[in-house]
Structure formats: structure tokens, C-alpha cells
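Read through the structure below, which is laid out as C-alpha cells, and then see the notes.
The values are calculated or read from the model by the stated rules, or taken from the named source; none is laboratory data. Given the structure is predicted, the values throughout are model-derived calculations rather than measurements. Positions of Cβ are generated from backbone atoms using ideal geometry, with glycine treated the same way; all protein chains shown enter the neighbour counts.
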Amino acid sequence: MSTFPAPTPIERSALLVIDIQDSFKATPRWELRDNPRFEENVERLIRSWRAAGLPVIFFLHTDPDPGFETSSPFFKLMDFLRPEPGEPLIVKNTRNAFTSTNLQEVLREKGVERLVVTGISTEQCCETTTRVAADLGYDVDFVTEATRTFPITDPATGEVLTTDEIVRRTEFVLRGRFARIATVEGLVEELKGAAVACSA
């Protein structure tokens with residue numbers, strides 16, 4: 001971590017809430033989800049970003065899979081998420097949140113240089129967004145404990161990758177290359193520190 005750049009001040013950050021949508025509940029893998037504190041952790045970050053007056057940006061993913069079609073009743077944010085006025089809800093059709101959306105334009109308008117990544121799933125849309133964001137020059141915090149994933153079965157061999165293995169691998173390849181692996185507590189404390197500094 002010592003070789004990774006010091007973070008951009010958190011006052012220039014945005015919280016990305018990626019694909020936390022009912023679409024996943026339309027699939028059998030929902031019962032195999034990890035991270036029982038996922039909703040609690042995401043909610044805490046959203047409250048903290050809102051309290052600091054910083055941007056919160058929501059995403060929905062669409063593709064032909066059942067539940068992810070825009071016409072599906074499952075194509076909506078999960079009930080615990082309620083965007084406030086002025087908080088964008090962006091629809092994407094790529095794994096990353098940039099190439100099929102106007103996210104960069106939104107971030108430029110808001111003066112954002114640092115991104116905090118949360119959502120579903122850990123190793124797909126969240127990781128892919130992180131890699132693209134880093135290549136585009138954004139400073140990125142990947143909050144694993146505010147992401148969720150599911151076991152993956154190799155259709156060729158039947159081998160199963162567990163959620164613990166997925167999380168370990170994702171953190172291993174992102175850390176120090178594309179992002180910092182951040183914690184909810186650490187980010188909340190950083191926001192508090194920034195608020196104190198601004199009011200001093």
C-alpha cells in the first residue's frame with residue numbers, strides 16, 4: 001500500500017451504489033448470497049455521504065437475463081434504497097458503470113475526483129467499474145464489506161468458487177493497483193475528520 005498514491009480529499013468524492021436491485025432476487029443464487037451486513041453497511045455509507053453533502057449516485061443494470069430486462073417488475077432498486085431529489089439513478093448495460101452511461105459527465109459537473117464503490121456483485125460490476133475508474137484517473141476506494149456476491153460454478157468443470165474465495169481474489173488484484181480496500185468505519189471517520197477541518 002505504501003506505493004499507492006495518497007487519497008484525494010474525501011470532500012471531492014462520490015459514493016457509487018451499483019446494481020443493488022431486485023433483479024438478483026429473481027435468480028436462485030439469491031439464496032446463496034454472502035455478507036449478511038451488506039444492507040446495513042451500504043445504508044451507513046449513504047447516510048454519511050448525504051450528511052456531508054457529497055454526491056450519491058445509484059445504478060441499475062439491464063441485460064436480457066430474466067429479471068434484468070427493463071420491462072421486468074424486478075427491475076428496480078431494492079426497497080431499502082430510496083434516492084433523494086438530485087441523486088442520479090443511471091441505467092447501464094455494461095459491466096462497468098462508465099462506457100454505457102454519462103457517468104463521467106455527471107462526475108465532472110460535480111467536481112468529483114475520488115470514487116467510493118459499493119454494490120453487487122463484488123467481482124463483476126463493482127470490480128470492473130473500479131478498474132475502469134482507475135484507468136480514467138479517478139482515485140478509488142473499494143468497500144468490500146459494502147459489496148455482495150454469490151458462488152460461481154464453472155460450467156465446463158463444475159468447480160465452484162466460494163464467496164470467500166471470490167472476495168479474497170478481488171481484494172488481492174485490486175489492492176494497491178486499482179484501489180484502496182476501504183472499510184465503512186474508516187470512511188465514516190474520514191468524513192467526520194473532513195467535516196471538522198471544514199468547520200475549523
| Yes/no for residue 162 being touching a Pro at 6+ places or on another chain (Cβ under 6 Å) and either β-branched (Val, Ile, Thr) or under 23 Å from residue 87 (Cβ atoms) (or both) | yes
| note | Checked region 8-52 for anything among the hydrophobic types (A, V, I, L, M, F, W, C), outside any strand (DSSP E or B), in contact (Cβ under 8 Å) with a residue 60 or more places away in the chain and in contact with a strand residue (DSSP E or B) (Cβ under 8 Å, 6 or more places away or on another chain); matches are 10, 20, 24, 38, 42, 45, 49
| task | Hey, can you tell me all the residues within region 61-101 that are part of a strand (DSSP E or B) and either within 16 Å of residue 15 (Cβ to Cβ) or of a type in the set (Lys, Arg) (or both)? | result | 77, 89, 90, 92
| request: Name the single residue, out of those in region 95-113 being surrounded by 15 or more Cβ atoms within 10 Å (Cβ to Cβ) and small (Gly, Ala, Ser), that is farthest from residue 148 (Cα to Cα). | output: 100
| said: With the structure loaded, tell me whether residue 163 is surrounded by fewer than 19 Cβ atoms within 10 Å (Cβ to Cβ) and among the polar types (S, T, N, Q) or whether it fails that test. | reply: no
| field | Search result, residues across region 1-52 that are small (Gly, Ala, Ser) and either under 18 Å from residue 141 (Cβ atoms) or at pLDDT below 95 (or both) | value | 2, 6, 13, 14, 26, 48, 51, 52
| said: Could you check region 101-134 and list, in sequence order, the residues that are without any contact (Cβ under 8 Å) to a residue 24 or more places away in the chain and either closer than 30 Å to residue 162 by Cβ or of a type in the set (Asp, Glu) (or both)? | reply: 105, 109
| Does residue 179 satisfy the criteria of being more than 16 Å from residue 29 (Cα to Cα) and in contact with a strand residue (DSSP E or B) (Cβ under 6 Å, 6 or more places away or on another chain)? | yes
| remark: Within region 52-66, residues being surrounded by fewer than 18 Cβ atoms within 10 Å (Cβ to Cβ) and farther than 22 Å from residue 108 by Cβ number 4
| message | Suppose we filter region 78-94 for residues that are acidic (Asp, Glu) and exposed (fewer than 15 other Cβ atoms within 10 Å of the Cβ); how many remain? | response | 2
| request: Name the single residue, out of those in region 16-51 being out of contact with any helix residue (DSSP H, G or I) (no Cβ under 7 Å at 6 or more places or on another chain) and of a type in the set (Asp, Glu), that is surrounded by the fewest Cβ atoms within 10 Å (Cβ to Cβ). | output: 31
